[in-house]
Structure formats: C-alpha cells, structure tokens
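Below: the structure, in structure tokens.
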Amino acid sequence: MNLDWHRLKAVVIESDDWGLAAWVADEQAHRVLADTPAFRSPAGRIYGRSTLESAGDVRALGELLMRYRGGDGFPPVWQANTIMAAPDFTRLTPPLFEGDALPLVDLPALPPRWARPGLPEAVDTAIEAGWWWPELHGLHHVPVDAWLAALRRGAADARRAHAQQCLVCEAVEASGEYDAGETATRVTGNLDEAIARFERRFGRKPTSFCPPDYRWDARLETLAEARGVTTFQGRSERPDRRPVRIRRWLDGLSWPERGGKVFYLPPRISFEPRGQAAPAGPVGLAAALERARAAWRRGQPAALSTHRANYAHLDAIWAERGRNALGQLLAGLTAEGATFLVDAEVRALVERSWSVRPIGRRGVMVRFYGVPREDIRFPLPTGVTGVTVAEGAGGDRAKVRIEGSDVVASLDPGEYLLEWNRG
C-alpha cells in the first residue's frame, strides 16, 4: 500500500550541533578570538557568539513545542543531531600537542569551561516527554588530523583558540570530521567511537546520521553501512561544483531512491532565524513555509534544517528571537495540518507503511497507514508485562497483545500512543 504523503503533510525538524562545545564557551573567549580569521569569516559572523546549549535552552524549546499540535493531534518532535564528545583541552597540551589520539571528554561530561549545570537531566526529561529525539551528528565535529597539524606547526589562530578551550580556527573550518582529507584510520575510529558513545548515552543505536559540515564520501557510507547506520541526512548540502539549489532540485526529483541499503532523507529546507524575530530571505519564515508546501505537493516530507545556533547563544535576546520565529513557523505548519516525524519514521513509512518510535520508557508512538486491521509486529522492551492504547484514532477498535517477545497490533490507519505496563 502506497503512503499518501500529500495527505500526511509530514515535517521532520532536523537540528544540528546539539552537544557541541563550540563556537565559544563565554564572552571572554569571544573577545579574545573575534579578530581571528575563522571568526571574521561569513560563518564566523553568523556563529561567532553561538555556544553550547544550557538546561534552560532545552526547557524553553520544549515549552514552545508543546504549545502546538500537528494534524495527528500530537506535538512536534525535535530531532537533535548530537555530538557525543569534546576535546579534553586540559590533556591536549602545548607546545608539542603530543599523541595520535585526541583526548576526549564524553557526554554528559564537558570540559571545565563549558560546564552547563542540569543539562543532562534536562535532555533526559525531554526524551522521556517524547519531544526530544537524539540522532547522531558525529563524535566531536573536529577534523583531528588537520587540527593537530595546525596546533603543532604553531598556527596562531589555532593556538589562541585552544587557550580559550575552543576548537574553531581556519584549519578546522576548512575541513570536517569525516572529510576525505582525514586518514581512513581516523575516520573509522571516529565513527566507531561515536556510535558506541551514542548507544551508551541514549540506550539505543542511532537510526540516522548527519556528518558534520556535510563533508563525507563513499568511504564513510560503506563504513556506516557495515555498522548498521544506513540513513543519511543532508546529502544535497555536500560540497559540489553545482549550486546547492540545483542539487536540492535534482535530489528532490529522485526521492525516495529505492533498492539500496543507504536511505537519504529529502533535500533540506533551511530555516535559520539568526537572531531575527521575523526572518526573511531564502532561509526565513516565508521561504521555509513555501518550500514545505512544495515538498508536500511533490508527495514528500518536508525536511526542515534549523541549527542550534538559532536557539543557544551568548545573547539571550538572539535566542529568544529564534524561538519566537520558530513559533511562527510551527503556527504556520500546524495551521495547514502538518504532522511531525523523525527520520526513522519517514524511512519506515516509505519501506513498510508503518513505524514505531519510543516515547522514553513509557511507551511508543505507532503510525500505521497500511491495510486496515492487518497485524504488525515489533519487539517488546525488556521488563514490559503489558500494553495499553493510551491515545489514537479508532483507539476503541485497536487490538494490541503480547506474543512472546513481541507486540502484535491490529489497527485502523492512524496514529497511536501505546503505553507500557511494567511489573
């Protein structure tokens, strides 16, 4: 049965850079680094005072999202593409910066200057509430070979940034964690460690991957596929000789590509308020809404890209304006009946017309758009002894039972929140 994407009006909010200890930890770091090349660049003028999120930033985002309901009656879900570690600046010491392995501090821990009290607990609470969905963005967002080479040869901007517990410099901005210029050993190790840390932190494997800076090649896809990570975001944004708008158009025409093990999300729709309460232009409010409508007309989900820098910033007014602009976008989308998914749900719906997404430990969101009353089956979490249909279309007709280690559900097309009974 083919899913009617026109009717569903699906939206995926893909937001990069959560957990990333960059650009600057505090105002002092920005004052020291403001005149370095990376901070004077076009990207630096946009991102220069962006910072690691706080617990308050996470809570404020959740309060905003929970004001809205999609066409299915459920609130938006925020796909937070997450960086899993930060350089351990105290162990990476001048003047020689010795060692081949980059010393790391793993989430939820952070380097001293980047301390964010209560942040892990805020993220955990958001995951349990069901509106925060982590996915993989990378291990540390650093092209290690390029960065260490700059530090060791005495590049002034790299060393000045390091002294501020900052990794941003020309060498880092010119490359990427999984860039073709990084050695195969480095790329493989970074991927393995990122996946392992993700699973330890969030209790599941990543189901989608957005490599930092959109810099990757076939080598990374082959490595990721061997490790069971086969859904990629942002393919149209990768560096190429063709303009981005042409790549997005061509990729949009071919979505979804079928038959391969690697699944690509549709071309991204940029929404970047950048401190503006009513952003205009190609990355503003009106453009994002129109491009979402265009995706729906093509029979595709709208993959909205909005970076953390819009909502976590040294300037509290900048972040507040970003949230206000996001509220306008959500109001526009929900007024048109948008339904909010994550990447894993999009892929599952393409491949089998139904999906299952955990809502913390309390239950799962089941979306079923297949043949009415046809049984679907998925694994029962450890420790669960019963299941209840808490919300959903036609909930009185929904039949859900446990068979051995599986949940078996017989449903009418629609969306259902199933809650677990434990012990």
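Miscellaneous remarks
- Of the peptides 111-119, 397-405, the ranking by mean beta-carbon count within 10 Å, highest at the top, reads 111-119, 397-405.
- Efficiency of FRET from Cβ geometry, K261 and S410, R₀ 41 Å, rounded to 0.05: 0.85
- For segment 26-79, the Cα-based Rg and Dmax, in that order, read 16.9, 49 Å.
- T188 contributes about 40 Å² of solvent-accessible surface, heavy atoms of the protein only, 1.4 Å probe.
- R308 contributes about 10 Å² of solvent-accessible surface, heavy atoms of the protein only, 1.4 Å probe.
- Segment 184-219-segment 36-104 distance, computed between alpha-carbon centres (Å): 16
- Normalised by 2.2 N^0.38 Å, where N is the number of residues, the alpha-carbon radius of gyration of the chain equals 0.99.
- Put the Cα centre of segment 369-423 next to the Cα centre of segment 152-166 and the gap is 54 Å.
- Residue order for R367, R159, R152, R258 - accessible surface, 1.4 angstrom probe, largest first: R258, R152, R159, R367
- Cα-only Debye scattering, segment 197-286: base-10 log of I(q)/I(0) at q = 0.12, 0.14, 0.17 Å⁻¹: -0.49, -0.64, -0.87
- Over segment 63-220, equivalent-ellipsoid semi-axes from the Cα gyration tensor in Å: 32, 18, 14
- Between helix 244-254 and the chain there is an angle of about 30 degrees, using the helix long axis and the longest principal axis of the Cα atoms.
- Length added when fully stretched, K205-N421, from 0.36 nm per residue minus Cα-Cα: 75.4 nm
- Extents of segment 297-416, largest first, come to 53, 38, 26 Å (Cα atoms, principal axes, whole angstrom).
- Estimated at 0.36 nm per residue, the fully extended path between R40 and R293 surpasses their Cα-Cα distance by 87.5 nm.
- On Cα atoms only, tilt of 55-65 relative to the major axis of the chain in degrees: 40
- E391 paired with R373, simple spin-label distance in nm, labels 7 Å along Cα-to-beta-carbon: 2.8
- Annotation: per residue accessible area for the chain equals 41 Å², rounded to a whole number [probe 1.4 Å, protein chains only].
- Modelled spin-label separation between M66 and E27, with each label point placed 7 Å from Cα along the Cα-to-Cβ direction: 3.2 nm.
- Projected label distance in nm at A226 and A149, using a 7 Å step from Cα toward the beta-carbon: 2.4
- Share of alpha-carbon pairs per 10 Å distance bin for segment 15-133, given as whole %: 12, 34, 33, 16, 5, 1
- Principal-axis tilt of helix 343-352 within the chain, Cα atoms, nearest 10 degrees: 40
- Average projection area in nm² (convex hull over Cα atoms of segment 266-343, one quarter of hull surface): 4.9
The values are calculated or read from the model by the stated rules, or taken from the named source; none is laboratory data. In this text the structure is predicted, and so the values were computed from the model without any measurement. Note that each Cβ is placed from the backbone with ideal geometry, even for glycine, and that neighbours are counted across all protein chains shown. Please note that ligands, DNA and RNA were not included when accessible areas were found on the heavy atoms of the full protein model with its side chains. Shrake-Rupley method; radii C 1.70, N 1.55, O 1.52, S 1.80 Å.
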